[in-house]
Amino acid sequence: MIVASPKSITELKSIIAGHRKVLFVGCGTCVTVCLAGGEREVGIMAYAMRMARRLDKNPVEISQVTIERQCDNEFLKDLAEPASGVEAIVSFGCGAGVQAIAERFPDKPVYAGLDTQFLGILEGQAVWTEKCLGCGSCMLAEFGGICPITRCAKRLLNGPCGGSLEDRCEVDPEKPCAWQLIYKRLQAIGQLDRLEEVVPPKDWSTAWYGGARRVVRRDHQV
Amino acid sequence: MSPDRSESRSEGTRTVRPPGWEPEILAFCCSYCASAAAGEAGAVRLRYPAGTRILSTPCTGGIEMEHLLEAFEKGVDGVLVVGCPDGGCHFVEGNQRALRRLERVRAILDEIGLGGGRLRMVQLSDSMAPAFADHMREITETIRAMGPNPLKPARKESAGRS
């Protein structure tokens, strides 16, 4: 899922300082699961913002709604009515959600209420870790299902750098060495021989370096 | 419950500490411990501040951050959450969850300038009526030093006009 974290109250207050009527829009998918932009988080931020603005003698009227998915036009239709009477919208979705709402309401300022972080998983209680960079050309089959592009700080494709301590990354000892994980995993599934193959430099043309990407599935178009 | 309640409901509508103002404290009390302690305190005639409002809850773990924030938005001067001692929660970890949630709400109150000191959690058992009364007195004095919730006046004023 897409993992995000809330902006600080101070930053968001500064972003919407010039508006008196604002709609906070939550997203019921990824950012709800990562406790950043679902109905509850939007509610908490709305309380905090209303109080902060009243204390500043600059009150704001905040309405709030959480839709199933901000990145889907089908659900954005539900925003037409709540958005009609407000000066601005704050999206508590990921960056895709913010831009989808902005496209849907071209005459209204739309601001991001979250800082979108990465594609990741829930690692432990309220801990999320990055697992995928979205490079556009998945190499997980070659590395036992552990991505060195995302999880090795140096993005090495042919073994560890030599700087790791025990099984910890030298860049950040909080993180495991991705190559240690790859070795153990390949050993466990009987595919250590994969390490004997030299992996050529990655073709990055499928990643975002060529600008925003697009996926078209003609087999699903009518 | 509070014999002097009328004294605390003065014309608290000015921005600075109004004369006769008494801190209004909302106490979320776990029904397995604090509510009984509060009841016991009343039964044995222990005095605690008149501005106390008791709100019984099945478990402090059921108190959402929105509940605490709403209390402050509506003008309550201080909130005390009273839960079971560590290891004594009827729902195993409800009091621990409450402690974590309070940490975040306190951080929010600090960030917006209302003051995290207006929110506190204490843990006690159902037999600790004197401790309950002590905690109520302590938070009342803390809030008295901090002054009224600045969000209170506008709401009280409009309520008074209606």
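Per the helix-only calculation at 222 nm, which mean residue ellipticity applies to the protein assembly as shown, given -39500 (n - 2.57) for every DSSP H run of n ≥ 4 and division by its residues, nearest 500 deg cm²/dmol?
-10000 deg cm²/dmol
Return a whole-number percent for the relative contact order of region A:133-206, with Cα pairs under 8 Å and 6 or more residues apart as the contact set.
The normalised contact order for region A:133-206 reaches 32 percent.
Just to check I understand the Karplus step: with θ = phi - 60° and J = 6.51 cos²θ - 1.76 cosθ + 1.60, what whole-Hz values come out for region A:174-183, glycine and proline as x?
Per-residue couplings from phi come out as 5, 9, x, 6, 4, 6, 5, 5, 5, 4 Hz.
Which of the aspartates and glutamates could be linked to A:LYS21 by a straight reach, that is with a Cα gap under 16 Å, when you skip same-chain ones fewer than 8 residues away?
A:ASP56, A:GLU61, A:GLU81, A:GLU87, A:ASP107
Please label the shape of region B:21-157 as rounded, prolate or oblate, based on the square roots a ≥ b ≥ c of the eigenvalues of the alpha-carbon gyration tensor (a/c under 1.5 means rounded; beyond that, a/b larger than b/c means prolate, else oblate).
Because a/c hits 1.5 or more and a/b fails to exceed b/c, region B:21-157 counts as oblate.
Net charge near A:ARG69: determine it from the other residues with C-beta under 15 Å of the C-beta of A:ARG69, scoring Lys and Arg +1 and Asp and Glu -1.
-4
Kirkwood Rh over alpha-carbon pairs of the protein assembly as shown, then Stokes-Einstein at 37 °C and 0.692 mPa s: what D in µm² s⁻¹, rounded to an integer?
It diffuses with D of about 133 µm²/s by this estimate.
With just the Cα atoms defining each centre, how far is region B:43-75 from region A:68-145? Give it in Å.
37
State which entries of A:LYS77/B:LYS74; A:LYS77/A:LYS108; A:LYS7/A:LYS175; A:LYS13/B:LYS74 exceed 27 angstrom in Cα-Cα distance in the structure shown.
In this structure, A:LYS77/B:LYS74 exceed 27 Å between Cα atoms.
I need the shape label for region A:133-206. Rule: rounded when a/c is under 1.5, else prolate if a/b > b/c, else oblate, with a, b, c from the alpha carbon gyration tensor.
Oblate shape, in that a/c is at least 1.5 and b/c is the bigger or equal ratio.
In square angstrom, rounded to the nearest 10, how much accessible surface does A:SER205 have for a 1.4 Å probe?
Answer for A:SER205: close to 90 Å² accessible.
Under 14 Å between alpha carbons, and skipping anything fewer than 8 positions from A:LYS154 in its own chain: which aspartates and glutamates qualify?
Within reach: A:GLU170, A:ASP172.
Karplus couplings for region A:47-52 from phi (6.51 cos²θ - 1.76 cosθ + 1.60, θ = phi - 60°), rounded to Hz, Gly and Pro as x?
Each residue's phi maps through the Karplus curve to give 4, 4, 5, 4, 5, 4 Hz.
Could you compute how fast chain A diffuses translationally, taking Rh as the Kirkwood radius over C-alpha pairs and applying Stokes-Einstein at 10 °C with viscosity 1.306 mPa s? Give it in µm² per second.
79
Under unit Cβ charges (Lys, Arg +1; Asp, Glu -1), what dipole magnitude, rounded to 20 debye, does the protein assembly as shown have relative to its Cα centre?
Once rounded to the nearest 20, the dipole reads 880 debye.
If you take the charge dipole of region B:60-111 about its Cα centre, with +1 on Lys and Arg Cβ and -1 on Asp and Glu Cβ, which of B:LEU102, B:ALA71, B:PHE91 is farthest toward its positive end?
Most positive-ward Cα: B:PHE91.
The values are calculated or read from the model by the stated rules, or taken from the named source; none is laboratory data. Just so you know, these numbers come straight off a predicted model, no measurement behind them. Cβ: placed from backbone, ideal geometry, glycine included. Neighbour counts: every protein chain shown. Please note that ligands, DNA and RNA were not included when accessible areas were found on the heavy atoms of the full protein model with its side chains. Shrake-Rupley method; radii C 1.70, N 1.55, O 1.52, S 1.80 Å.
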